[in-house]
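Right, one structure below, let's go through it.
The numbers here are math on the coordinates, done by the rules we state, and not lab data. These figures come from a predicted structure and were not determined experimentally. No Cβ is skipped: glycine too gets one built from the backbone with ideal geometry, and neighbour counts run over all protein chains shown.
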Amino acid sequence: MLATLMPAIEIHGLEKSYKTGFFGNKLKQGLKPLTLSVEEGEVFGYLGPNGAGKTTTLKLLLGLVFPSGGTARILGRDLNDIEVKRFIGFLPEQPYFYDHLTPLELLDYYARLSGVDPRERKRSVDTALARVGMTASGKTQLRKLSKGMLQRVGIAQAIVHNPKLVLLDEPMSGLDPIGRREVRDLVQELNEEGKTIFFSTHILSDAETLCDRVAVLNKGELKGVGVVADLLRQVSGEVEVVWQGAKAISALSALGARCHATGDTVRAVLPERLLEAALDALRVNHARLTRVTPVQATLEDYFLARVGEEKSAEVTA
Amino acid sequence: MIERITAIARNTFREAVRDRVLYNLILFALLIVGSSLLVGQISVAVDRIVLVNLGLTAISFFGIVIAIFIGIGLVSKEIEKRTLYTVLAARPVRRWEFITGKFLGLVMTLLVNALAMSAGFFAAVAFVSHGLGHGDLQLVTAIYFILLQYVLITALALLFSTFSSPLFSSIFAFATFAIGTFAEDLRGFAQMASGLPRWLMTGAAYLMPNFAALNVISEVAHNTAVQPRLILLNTLYVLVYTAALLTASVWIFERRNLK
Amino acid sequence: MTRDSQIQTSCALLLTLLLAASITLVYQIDRVRADEPLQEVLYLPSPTVVKRLSLGYSGLLADIYWTRVVQYFGAKHKAKAKQYLILEPLLDMTTSLDPKLLPAYQFGSVFLAQKPPEGAGNPVAAAQLVEKGIRENPTAWRLYYDLGYIYWLELKNPRKAAEAFERGSHVPGAHPWMKVMAAALEAHAGETETAIYMWTNILNSTDDANLRANAINRLRCLRVDSEVKILQDRIDQFTKQRGRLPSGWEELISAGLLHRTPIDPKDNPYQLVSGRVQVAQPELFPFIRQGLPPGKEAGDILGQEGFKVVKTQ
Ligand SMILES: Nc1ncnc2c1ncn2[C@@H]1O[C@H](COP(=O)(O)OP(=O)(O)OP(=O)(O)O)[C@@H](O)[C@H]1O
Ligand SMILES: [Mg+2]
């Protein structure tokens, strides 16, 4: 669902330098000047490896830390306008709650703070809890819940007041595969209700299946932003070539292909632009071509290309 | 605004009430009140004096320990545990509302504690002097002053909690309490100096929380009446000074980046 | 950012206002508490208990009690009190907490001993306090001096006073005038001269404002005593020469017995009433023995029963 009435989030040159060092005398740029806008009704993925500045961006948007420069507007209003927060839901990274409360009490507390109509409150709380599948644990003290259950409570508190814009900082972390699918479904459901979703993640497959658009961030700097399909087109594709005849291996290796032989069957992956040369080489070596298939580019490819090889280990881990 | 402040206060109260440490402290205070009965038995003539001194000191001391103990964590713990994110980030809660709510919640908690401890104390007094008399109204004044002490110390702990870790906050709070207890003597010290030091010391001594005038335990133990004017002035003072401490807390907290 | 600076300014303003108000209130509270009578009967715990409770910070606590001593004395003295009920226990507390606090002994030696309203009128307790000081600080020769002073001027016991000065003069580093004092007392030298000598020494050897003011007061009174004696001599001389009492100072001046009208140390002329010298305002000279109006002798001014300077005439 893509509506472009007005941007839900408009970020203009927003930046943040943290004071570090013992005397706060050193500056660390957590976020370099960032310009970005998220349309209403979008599911927007905010990608980046650890330390990229995702959480920093969210904290700036929510007024938890103050920007070193730049401006941002949420739902068309200034960041300092506290009334706009009635329409925002937020799931912090590794959420922690008052562990003396039960999920029901906690959500009731948050609903009060968000100014939910007292007559609606009980229903809102129950609905939110049901949507994350936590109704059964509604009366267990939070300190007795597992990490994944807490994450669900966290999502429930982000939607208990029926916000228009939901900001989620790594909503999938700590969830088992079933939980992750449930959250994906929930995000889609919320989006279908017309809510704008902005979530940060470094799990790329989730972003790929869910997002209309994504932004990629690295070391505090925006590396690219756009519709997922468009971004993928930018990464040059690769092809997989399979043939019979080990003799051709050396010729193709010379072209730069990575070859794996299984008996007489050889499989090589090489950039699309080298395909012609590869086919020529096979012909010259009298190899029998079995098949040529394009390798589907993924967000991960884009991500790796943008973020650079040195980060790959951390991100894919 | 009011709903949000009450919600925060209520949650703070609930958190404190569900903490087991609190009950241990109250129990301990009541034990001391009880034990003063035994001490009183030994020295016949002064049983009521001993009971009043020991009992009121216990109520004052344990309340202050609780106030500091919980107060120092009021803000810093929420920052550290990041529970604050879910309150301030995406809710229409102003930071000063948060501070006020937290403060009121803890004051409520202490009020209830004081009621519990005072009930035990009055029961002991009634036991010793075979019933309560008109003269025991002075004891109510002393307890009222103790409550005022709680309010001050809570606001102090809260202030420290907005910029410092719980450990340091507790040290600061206890130190300020100790200094405040000797505030009158400090002003005396200042009088003995001269020149610039005198000015500086006098200023500092007047700015310290004036806990000295809030302790009338030994007076009421000896059945001397507390002047009504002092009750009025102390009430006003605590209100004004607490407001100042809360303003300072808000001032600091408004500018704080929440890590 | 304007919203931010708005909050800053309003917080700063409000804070200043509230603190100013709180200071005013503290001032008021201090005043209410200062004239509370209950401070007098305030239950004073025993020094041993306080010392144990001070958890090793007895030095600091002693300083606090020392300020209380000074404050208490100051307030009472200003109000011309007839009693200083807790001066002795306060001093005892202070010196128990810090036995080396010499100023406290010296303060006690003077203000515990002197008669009200200039002190607590308890020279025995003062002597005990200083004896305690000597036990704790045997090498502080000044304490012997203070003890000698109490015995001589307050307890009227020149023998014990001379003994104290004598003991003190053997302490290494003792000032030579310790020996002088001992000798003067042995020789029963003129009381007034010795007293002037003594108070001058006290004045010159202390920085304590209370002690200095007291010493100056004492010296003034001693001057009155010696001046009245001289004037009385001249009047007697005149009476002998003319066979009648002088009607005023002018007669003495024209007779060549005086140069001018005599003025007391507070700049008032001495009064000449039926052949007797009197000071104009006796309340300005709390320690004088001479020059008091008839019926207003020392004992009455000081409100002390049973102590009357009997005038012969
Ligand atoms: N409070 C802080 N003080 C100093 N530096 C900080 C602070 N918070 C974040 N940073 C720095 O800012 C950069 C961005 O951090 P941020 O938390 O925004 O990353 P992130 O993208 O959320 O990473 P992750 O995926 O690990 O959550 C990091 O280099 C981090 O070290
Ligand atoms: Mg993060």
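When Lys and Arg each count +1 and Asp and Glu each count -1, what net charge do the other residues less than 15 Å away from residue B:137, Cβ to Cβ, add up to?
-1
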Cα radius of gyration and Dmax for the protein assembly as shown (Å): 43.5, 167
Could you tell me the relative contact order of region B:2-254? Use alpha-carbon pairs under 8 Å, at least six residues apart, and round to a whole percent. 26
What is the log10 of I(q)/I(0) for region A:7-232, computed with the Debye formula using one identical point scatterer on each Cα and no solvent, at q = 0.08, 0.11, 0.17 Å⁻¹? -0.29, -0.55, -1.26
Descending Cα extents along the principal axes, chain C, whole Å: 98, 52, 37
For region C:176-272, diffusion coefficient by Stokes-Einstein and Kirkwood Rh (Cα), 25 °C, 0.890 mPa s, µm²/s: 157
With a ≥ b ≥ c taken as the square roots of the eigenvalues of the C-alpha gyration tensor of region C:102-246, please select rounded if a/c is under 1.5 and otherwise prolate if a/b is larger than b/c or oblate if it is not? prolate
If I take every Cα pair under 8 Å that is 6 or more residues apart in region A:151-213, average their sequence separation and divide by the length, what percent do I get for the relative contact order? 39
In degrees from 0 to 90, rounded to the nearest 10, what is the angle of the helix B:228-254 Cα long axis to the longest principal axis of chain B? 20
Expressed in angstrom and ordered largest first, the alpha-carbon extents of chain B along the principal axes are 62, 53, 30
Long-range amide H partners of residue A:14 with built H, under 5 Å: A:34, A:71
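Based only on the alpha carbon positions, what is the Kirkwood hydrodynamic radius of region B:218-259, in angstrom?
13.0
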To test your reading of the geometry: what angle, between 0 and 90 degrees and rounded to tens, separates the Cα axis of helix A:118-131 from the longest principal axis of chain A? 30
Distance in nm between label sites at residue B:129 and residue C:79, each 7 Å beyond Cα in the beta-carbon direction? 2.6
For q = 0.17, 0.21, 0.25 Å⁻¹, what log10 I(q)/I(0) does region A:238-295 give under the Debye formula with an equal point scatterer on each alpha carbon and no solvent? -0.41, -0.65, -0.97
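May I ask for the equivalent-ellipsoid semi-axes of region B:188-235, computed as the square root of five times each C-alpha gyration tensor eigenvalue and listed largest first in whole Å?
29, 12, 8
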Which value in Å does the Kirkwood hydrodynamic radius of region A:1-113 take, with 1/r averaged over all unlike C-alpha pairs and then inverted? 16.1
Under 1.5 on a/c is rounded, so check that first for region C:12-115, then, if it is not, pick prolate when a/b is larger than b/c and oblate when it is not; a ≥ b ≥ c are the square roots of the alpha carbon gyration tensor eigenvalues. oblate
Mind checking the angle between helix B:195-207 and chain B's longest principal axis? C-alpha axes, 0 to 90 degrees, to the nearest 10. 90
Using all Cα-Cα distances in region A:194-276, what percent lands in each 10 angstrom bin from 0 up to the longest? 14, 32, 20, 23, 10, 2
Using a simple charge model, +1 on the beta-carbon of Lys and Arg, -1 on the beta-carbon of Asp and Glu, nothing else, what dipole does chain C show about its Cα centre, in debye to the nearest 20? 340
Given the protein assembly as shown, what percent of its DSSP beta bridges are antiparallel, to the nearest 5? 70
Expressed as a rounded percentage, what relative contact order does region C:179-274 have, with Cα pairs under 8 Å and six or more residues apart? 17
Cut-off 16 Å, label 7 Å out along Cα→Cβ of residue C:192, residues of region C:211-239 by amide N: C:218-237
Here region C:138-189 gives, from Cα atoms, an Rg and Dmax in Å of 9.8, 28
In whole Å, what three semi-axes, largest first, describe the equivalent ellipsoid of region B:78-194 built from its Cα gyration tensor (square root of 5 times each eigenvalue)? 34, 25, 11
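Report, in listed order, any pair from C:80/C:132; A:26/B:81; A:26/B:102; A:59/A:219; A:144/B:77; C:51/C:115 with a Cα-Cα distance greater than 23 Å.
Too far apart for the 23 Å limit: C:80/C:132; A:26/B:81; A:26/B:102; C:51/C:115.
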Filtered GluC sites (Glu not before Pro), region A:174-264: DSSP coil and at most 16 other beta carbons within 10 Å: A:193
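Give me the dipole magnitude in Debye, nearest 20, for the protein assembly as shown about the Cα centre, with unit charges on the beta carbon: positive for Lys and Arg, negative for Asp and Glu.
Dipole magnitude for the protein assembly as shown comes out near 540 debye.
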Would you mind getting the Kirkwood hydrodynamic radius of region A:125-223 from its Cα pairs, rounded to one decimal in Å? 14.3
